[in-house]
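The values are calculated or read from the model by the stated rules, or taken from the named source; none is laboratory data. Fair warning: this is a prediction, and the values are worked out from it, not measured in the lab. No Cβ is skipped: glycine too gets one built from the backbone with ideal geometry, and neighbour counts run over all protein chains shown.
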Amino acid sequence: MTPPTDPHPPVLPEDIMPDAPQTIGRPLLTQSWLDLTFLHWAADPADVAHALPPGTVPDTLDGVTYVGLVAFRMHRVGWLRLPGVPYLGSFPETNVRLYSVDAHGRRGVVFCSLDASRLLPVAVGRLGFGMPYLWSRMAVRHDGDMVTYTSSRRWPGPRGARSGITVRVGEPIEEPTELEHFLTARWGMHGAFFGRPMYLPNAHPRWPLCRAELLKCDQDLVAAAGLPEPVGEPVSVLYSSGVPARFGRPARPAGIPTP
């Protein structure tokens, strides 16, 4: 007797792609990400699955997923085809993020917290889009080949949650490893909008990545985001001068209906 066929067989995750799989000709949102430092710790998928939105599971490489702490400068956020805003649209930001894949095989990022230094974008992100933005006192400073990022949370809390990161930027990476592409080349964001699953695609040039030496990491943002405290040194420390990025309309299925 032939066993029944599953009418909805699981979809394999899309390939890990260093270049954006699509162009976004009519962006919903534009911005640049500058002076980025990526810190990553390995994690058991079972330890972080609770923090992912419905319809997604932890994305893994060789059975391991990762918790990311990413500090950078947001530059000139703009809506639709309008020019980016120079002051309110430019600010330091530090994200705690996880890596996700949905039933359609789309790999993405899930943001557990987004600390930013401009109150208005924080309020718009929280109230208008349900994003976990938090208002913090922040700075990014350069001293030769060293970059320092500081953050201290103001609102809504936990007040005083902080990070202090200093890296020394090293040589450019000519051929990133599969893991380095996995951690940085993410072409969408998974989340929820008014309780409905959302996948927001993005596109940008290939990351210009550099090796980096971690000189200081004093942070409690990961634990404040409800994730297990990282143990030991990060397994990956990378730096990038940055890229311009474009976000498209939420994708269907598992997106917000669009005209």
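Figures for the structure shown
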{"quantity": "Flag for E180 being closer than 17 Å to R97 by Cβ, charged (D, E, K, R) and within 15 Å of the chain's Cα centre (by Cα)", "calculated": "yes"}
{"quantity": "Test: residue in the stretch 22-37 that is within 26 Å of I165 (Cα to Cα), assigned to a strand (DSSP E or B) and over 15 Å from the mean Cα position of the chain (by Cα)", "calculated": "no"}
{"quantity": "Any hit, the stretch 44-63, residues being closer than 22 Å to G188 by Cβ, modelled with pLDDT under 95, surrounded by fewer than 16 Cβ atoms within 10 Å (Cβ to Cβ) and within 19 Å of the chain's Cα centre (by Cα)", "calculated": "yes"}
{"quantity": "Residue ID - surrounded by the fewest Cβ atoms within 10 Å (Cβ to Cβ), chosen from residues in the stretch 226-240 that are under 16 Å from the mean Cα position of the chain (by Cα) and either of a type in the set (D, E, K, R) or assigned to a strand (DSSP E or B) (or both)", "calculated": "S236"}
{"quantity": "Any pair with Cβ under 7 angstrom, 6 or more apart, that starts in the stretch 127-150 at a residue that is surrounded by fewer than 13 Cβ atoms within 10 Å (Cβ to Cβ) and ends at one that is outside any helix (DSSP H, G or I)", "calculated": "A139/P92; A139/T150; R141/T148"}
{"quantity": "Checklist (1) at pLDDT below 95; (2) loosely packed, with under 14 Cβ neighbours inside 10 Å applied to V124, failing item", "calculated": "(2)"}
{"quantity": "Residues (assigned to a loop (DSSP other than H, G, I, E, B) and of a type in the set (F, W, Y)) located in the stretch 191-225", "calculated": "F194, W207"}
{"quantity": "Residue within the stretch 11-32 that is among the small types (G, A, S), more than 23 Å from A71 (Cα to Cα) and modelled with pLDDT of 95 or more present", "calculated": "no"}
{"quantity": "Inter-residue pairs, beta-carbon under 6 Å, first under 18 Å from F72 (Cβ atoms) and outside any strand (DSSP E or B) and in the stretch 86-112, second modelled with pLDDT under 95 and charged (D, E, K, R), 6+ apart", "calculated": "L88/R118; G89/R76; S90/R76"}
{"quantity": "Filter result for the condition that a residue is closer than 24 Å to G108 by Cα and surrounded by fewer than 17 Cβ atoms within 10 Å (Cβ to Cβ), over R159, R196", "calculated": "R196"}
